[in-house]
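Heads up: the structure comes next, in structure tokens.
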């Protein structure tokens, strides 16, 4: 398990720090409920900011990966690897999004990995035809979600995602 190591969480994450009320951020529990369940059918998650555990892996690996990729991309100034799978009923649909780092590797909740590794993980969960594209901006990832990844999130949830992005970027450095 990895936990946030920011030297001044109060400055970096003011909403979470206020919610923590003096306890470490990793002990804050955020109950997240998704309207659309994750790939594995999970719709409720207990998330502790920056703690990569089973709920965080499910949320950011199989449901809301695009937001984490966007927060990482925002910090590094990079684009995205957009992995899509083909559905006979409605064509190509996004399946996974990771930050595409300047070194050519991808960064997602599972860490710093090659495109082949990420594609193998996606293939392991289903026999779909896959394709990938490298895109540069959030609207290219999900145009229906606004001009910024933060547009459809509450400030507290966006801050929680910021913590995870900081943890991943620090670990990949």
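Structure summary
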{"quantity": "Relative contact order, percent, segment 66-149 [alpha-carbon distance under 8 Å, six or more residues apart]", "calculated": "33 percent"}
{"quantity": "Calculated FRET efficiency for the pair residue 86/residue 156, C-beta based, R₀ 35 Å, to 0.05", "calculated": "0.45"}
{"quantity": "Virtual paramagnetic centre 7 Å along Cα→Cβ of residue 116, amide N under 19 Å, in segment 75-91", "calculated": "81-83"}
{"quantity": "Over the chain: helical MRE at 222 nm, DSSP H runs n ≥ 4 each giving -39500 (n - 2.57), nearest 500", "calculated": "-10500 deg cm²/dmol"}
{"quantity": "Modelled FRET efficiency - R0 30 Å, residue 137 with residue 32, Cβ distances, 0.05 increments", "calculated": "0.70"}
{"quantity": "Mean Cβ count within 10 Å, highest first, over the residues of peptides 39-49, 162-172", "calculated": "162-172, 39-49"}
{"quantity": "Gain in span if fully extended, residue 54 to residue 171, counting 0.36 nm per residue against the direct Cα distance", "calculated": "40.3 nm"}
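FYI, it's all coordinate maths here, none of it is from the lab. Everything quoted here is computed from the prediction, not taken from an experiment. Every residue, glycine as well, gets a Cβ built from its backbone with ideal geometry; the counts of neighbours run over all protein chains shown.
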